[in-house]
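K.L.:
I have a structure I would like to understand better, so I am pasting it below and will then ask my questions one at a time.
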Amino acid sequence: MSITKTASARWEGSLKKGKGTVSTESGVLKNTPYDFRQRFEGQAGSNPEELIGAAHAGCYSMALSLILGEAGLEAESIDTQATVTLAEDPEGGFHIPSIHLVTRVKIPGADQAAFEDAAEKAKAGCPVSKLFNAEITLDASLES
């Protein structure tokens, strides 16, 4: 099985004074603006790293649900946050050296070892995790 999804971006102007928009095939994002200040100076608004984080958190949560199900466990809730670090390269330019996932999972009566095994398998097996050339760390907590 193969599924294809499309997203697009448009940029106008120079890096620091220009502006862009991103859109997704589903229409969830439609001409959503972003610019240098939003990406590098902390101004409110979206940026590529935020979207990468959302994609990774969503993918990880779904992968964990799948792996838990295969182990006979069903979560009441899986709350995942992805923190994406954008760093400057010494030679110029930027890269994403790391992504830190924090997940809080509620499964009453679950075995801690089985949960930890599933959490690690989801981190390694999530399709978005496989995409990155970055260190991906995980802080997984089982709540009852």
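K.L.:
Which ones in the stretch 29-53 are closer than 16 Å to LYS5 by Cβ and surrounded by fewer than 15 Cβ atoms within 10 Å (Cβ to Cβ)?
P.N.:
Within the stretch 29-53, just LYS30 meets the criteria.
K.L.:
Of ALA114, ALA82, ALA75, which residue is more than 22 Å from GLU135 (Cβ to Cβ), free of Cβ contacts under 8 Å to residues at least 40 places away in the same chain and surrounded by 14 or more Cβ atoms within 10 Å (Cβ to Cβ)?
P.N.:
Values: ALA114 fails: free of Cβ contacts under 8 Å to residues at least 40 places away in the same chain; ALA82 fails: more than 22 Å from GLU135 (Cβ to Cβ).
The match here is ALA75.
K.L.:
Just to be sure I understand the filter: pairs with C-beta atoms under 6 Å, separated by 6 or more residues or on different chains, first member in the stretch 133-144 and within 12 Å of VAL102 (Cβ to Cβ), second member outside any strand (DSSP E or B) and of a type in the set (A, V, I, L, M, F, W, C). Which pairs pass?
P.N.:
Matching pairs, first to second residue: ALA140/ALA119.
K.L.:
For the condition over 30 Å from GLY18 (Cβ atoms) and over 14 Å from the mean Cα position of the chain (by Cα), what is the one hit in ALA122, ALA44, ALA114? Walk me through how you get there before you give the answer.
P.N.:
On the way: ALA122 fails: over 14 Å from the mean Cα position of the chain (by Cα); ALA44 fails: over 30 Å from GLY18 (Cβ atoms).
Result of the check over ALA122, ALA44, ALA114: ALA114.
K.L.:
Answer yes or no as to whether LEU66 is at pLDDT 95 or above and not β-branched (Val, Ile, Thr). Before the answer, list the steps.
P.N.:
Working: at pLDDT 95 or above: yes; not β-branched (Val, Ile, Thr): yes.
Yes.
K.L.:
Look at LYS130 and say whether it is part of a helix (DSSP H, G or I), buried (at least 16 other Cβ atoms within 10 Å of the Cβ) and not small (Gly, Ala, Ser). So that I can check it myself, show each step before the final result.
P.N.:
Working: part of a helix (DSSP H, G or I): yes; buried (at least 16 other Cβ atoms within 10 Å of the Cβ): no; not small (Gly, Ala, Ser): yes.
Here the answer is no, as LYS130 does not meet what is asked.
K.L.:
Of everything in the stretch 67-86 that's within 17 Å of the chain's Cα centre (by Cα) and not charged (D, E, K, R), which residue is nearest to ALA118 (Cα to Cα)?
P.N.:
Keep residues of the stretch 67-86 that are within 17 Å of the chain's Cα centre (by Cα), which gives 78-86.
This time we only want the ones that are not charged (D, E, K, R), so: 78, 80-86.
On the way: ILE78: 13, THR80: 14, GLN81: 17, ALA82: 18, THR83: 21, VAL84: 22, THR85: 25, LEU86: 28 Å.
Among them, the one singled out is ILE78.
K.L.:
If you don't mind, another one. Out of the residues in the stretch 93-111 meeting the condition of being buried (at least 16 other Cβ atoms within 10 Å of the Cβ) and over 17 Å from ALA55 (Cβ atoms), tell me which one is farthest from the chain's Cα centre (by Cα).
P.N.:
ALA110
The values are calculated or read from the model by the stated rules, or taken from the named source; none is laboratory data. These numbers come from a predicted model, not from an experiment. Using ideal geometry, Cβ is built from the backbone for each residue, glycine included, and neighbour counts are taken over all protein chains shown.
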